[in-house]
Amino acid sequence: EAAKPLVASGRFDPGTRDFTGRFADAIAALGRYPMDNVEYVANDFPKTVFSDGIPNFDDAYAAPDPLALYRNAWNLTDGVARHPALVVEDMERGYDEYVRYVLPHAREILDAFRAEGWPVVWTNWVRRADDGFYGALDRYYGPRGVANEENPMYVYGRDASDTVDSLKPKQEELGRTIKSLHLSKFADLNDRGEPILYPLLKSWGVDTLIIIGAWTEDCVLATVFDAVDKFGFDTILVSDAVATASNLNGPAIEVMEGALVELVNTTELLANLHLLHKAPRYDSASGEKQEEDHHAVDAYLRTPPPRTTAKEHLLHAYHVPSSSSSSSSDPRVVSLNAALALAALAAALSAVVVAAFFHVREGSLLATTKGGRA
């Protein structure tokens, strides 16, 4: 018998479910128009801040030019009723010196979720140098640096894996904490070999995750990739509530922003959290769903209000103060301005086309595709 390719199936795949029930309508209405959530930037390797561009490894095979910079097409203000959960990743005592700079923001978000009665899940990295659970990550970091507690693969000290005091779960919330062995919190299994996090979220009817915690380029990044691609959760990353000990915080945020998440800061999240008011409420102790709302999808074709620009969020990812956004002295701003100039004209023309379309279209479809990026 002739060999055949292995074909992926969406039949049992949670990552191929449209919880809004309206994305097919959105494609039918808007698929004919150019994307308004992409910017094209010159491949000025190595002069651009966009991941330093792409070099030509062989002159006979030129690298792409321009390069695409994508941004999320949905946002918190699009009117879709979401069923949210907050994931607080690895904000623990052993990492205190590396995460304390975002603790006030993380506490504000945690308090807001508790006030709403929405579910919160805590994770704690519990790997120890003598636990015997050695895998590829252990081999990556290597066996050295244990005695002087330098090796970041492991936690050290009696209470190192406990959540920091300002964020720790209450007694009645302990059943929603995961003692984690993996970067992706979806990868952790119980002692029967069953996944822990996904069934918990599924039982609550969650469709949107808000991610805060540590480390940005490790556990946060891995969890976000699984959340979005493997399990189909719309995901919000809070840029000033994630932390790390390395120099990869900004680049990791930029990768997630350009491929996976709705990027907001704490102020933006809290200012718009009330827009999730149609989402079901949960008992803060048991996580039991208190009410159901299955009518959350009528806004998928509604034009959203203006958004924070991609440029502003890139500056945020690079920790450039907002006052620098109008300064020509910062080389990062100079390169951003040059890269975004042509994209602005294209976006304006696209907006005119879309506006004309909605002017003549009957009111049977409501728009939700956004015109900006967080």
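For segment 58-69, a residue qualifies if it is at pLDDT 90 or above, surrounded by fewer than 12 Cβ atoms within 10 Å (Cβ to Cβ) and among the hydrophobic types (A, V, I, L, M, F, W, C), and exactly one does: 60.
Residue-by-condition table, conditions (1) under 27 Å from residue 239 (Cα atoms); (2) open to solvent by less than 40 Å² (accessible area, probe 1.4 Å):
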{"position": "13", "(1), (2)": "no, no"}
{"position": "26", "(1), (2)": "no, yes"}
{"position": "32", "(1), (2)": "no, no"}
{"position": "56", "(1), (2)": "no, no"}
{"position": "93", "(1), (2)": "yes, no"}
{"position": "101", "(1), (2)": "yes, no"}
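Quick one: how many residues across segment 34-53 are modelled with pLDDT of 85 or more and either charged (D, E, K, R) or open to solvent by less than 50 Å² (accessible area, probe 1.4 Å) (or both)? Adding up the residues that qualify gives 7. Which members of segment 213-247 meet the condition of being assigned to a loop (DSSP other than H, G, I, E, B), surrounded by 23 or more Cβ atoms within 10 Å (Cβ to Cβ) and without any contact (Cβ under 8 Å) to a residue 40 or more places away in the chain? Hit for segment 213-247 is 233, nothing else.
Tell me whether segment 55-68 contains one or more residues that are touching an Asp or Glu at 6+ places or on another chain (Cβ under 8 Å), more than 30 Å from residue 18 (Cα to Cα) and of a type outside the set (Lys, Arg). There is no residue in segment 55-68 that is touching an Asp or Glu at 6+ places or on another chain (Cβ under 8 Å), more than 30 Å from residue 18 (Cα to Cα) and of a type outside the set (Lys, Arg). Of all the listed residues (147, 136, 160), the sole one being out of contact with any His (no Cβ under 6 Å at 6 or more places or on another chain) and touching a residue at least 12 places away in the same chain (Cβ under 8 Å) is 160.
For segment 89-120, a residue qualifies if it is within 17 Å of residue 273 (Cα to Cα) and in contact with a Gly (Cβ under 8 Å, 6 or more places away or on another chain), and the qualifying residues are 106, 119. Among the residues in segment 190-212, are any assigned to a helix (DSSP H, G or I), open to solvent by 20 Å² or more (accessible area, probe 1.4 Å) and within 15 Å of residue 124 (Cβ to Cβ)? No - not one qualifying residue is present in segment 190-212. Scan segment 151-167 for residues that are surrounded by 11 or more Cβ atoms within 10 Å (Cβ to Cβ) and among the charged types (D, E, K, R) and the total you get is 1. For segment 29-131, the strands (runs of 3 or more DSSP E) that sit wholly inside it and include 2 or more residues that are within 28 Å of residue 150 (Cβ to Cβ) are 84-89, 120-125. Could you tell me whether any residue of segment 168-187 is surrounded by fewer than 11 Cβ atoms within 10 Å (Cβ to Cβ) and among the polar types (S, T, N, Q)? Within segment 168-187 (the criterion being surrounded by fewer than 11 Cβ atoms within 10 Å (Cβ to Cβ) and among the polar types (S, T, N, Q)), the answer is yes, since at least one residue qualifies.
Before we move on, is residue 124 within 23 Å of residue 256 (Cβ to Cβ), of a type in the set (S, T, N, Q) and at pLDDT 95 or above? Judged against the criteria, residue 124 is a match.
Taken over segment 146-181, the residue count meeting the criterion of being touching a Leu at 6+ places or on another chain (Cβ under 8 Å), more than 14 Å from residue 214 (Cα to Cα) and either in a strand (DSSP E or B) or not polar (S, T, N, Q) (or both) is 2. Selection of segment 14-24 for residues being assigned to a loop (DSSP other than H, G, I, E, B) and free of Cβ contacts under 8 Å to residues at least 40 places away in the same chain yields only 18.
The values are calculated or read from the model by the stated rules, or taken from the named source; none is laboratory data. A quick note: this is a predicted structure, and the numbers were derived from the prediction, not measured. Note that we place each Cβ from the backbone using ideal geometry, even for glycine, and neighbour counts take in every protein chain shown. Note: areas computed on protein heavy atoms with side chains; ligands, DNA, RNA excluded. Shrake-Rupley method; radii C 1.70, N 1.55, O 1.52, S 1.80 Å.
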